[in-house]
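What follows is a short report on a single structure.
The values are calculated or read from the model by the stated rules, or taken from the named source; none is laboratory data. Given the structure is predicted, the values throughout are model-derived calculations rather than measurements. Cβ placement follows ideal geometry from the backbone for every residue including glycine, while neighbour counts extend to all protein chains displayed.
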Amino acid sequence: MATGGKNRDGRAARERSRLYEARRRFHDDQARRRTRDNLIAGIVGGVLVLGLIGSQTAYFLAGPGAPAPTPTSTPAPTGTTPAPSPTATTTPEPTVTPTP
């Protein structure tokens, strides 16, 4: 009697099962790695965008990109107008007319 056929079939089935489990674990590991990589890329991208926004803000508020301060006059108090001083008189400026 030949009993080698059953042993060979069982060995082939075990090998197929082992390969299937290996492929399934490999696929699961790849999916987990992709998820982890996407999460890391999202966090790094977010930090990069926030850093760029912060540096632009700092540049234009405090750095060389900040506008130069301009002197401003203080406005007169509301409701009162300053009275002209009694000693000051205004004299009109003479105008020169060209002669033809």
Residue hits (the range 33-69; of a type outside the set (A, V, I, L, M, F, W, C) and exposed (fewer than 10 other Cβ atoms within 10 Å of the Cβ)) are P64, P67, P69
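Given the structure, is R36 under 44 Å from the mean Cα position of the chain (by Cα) and modelled with pLDDT of 80 or more? I'd like the intermediate steps shown before the answer.
Values: under 44 Å from the mean Cα position of the chain (by Cα): yes; modelled with pLDDT of 80 or more: yes.
So R36 passes the test.
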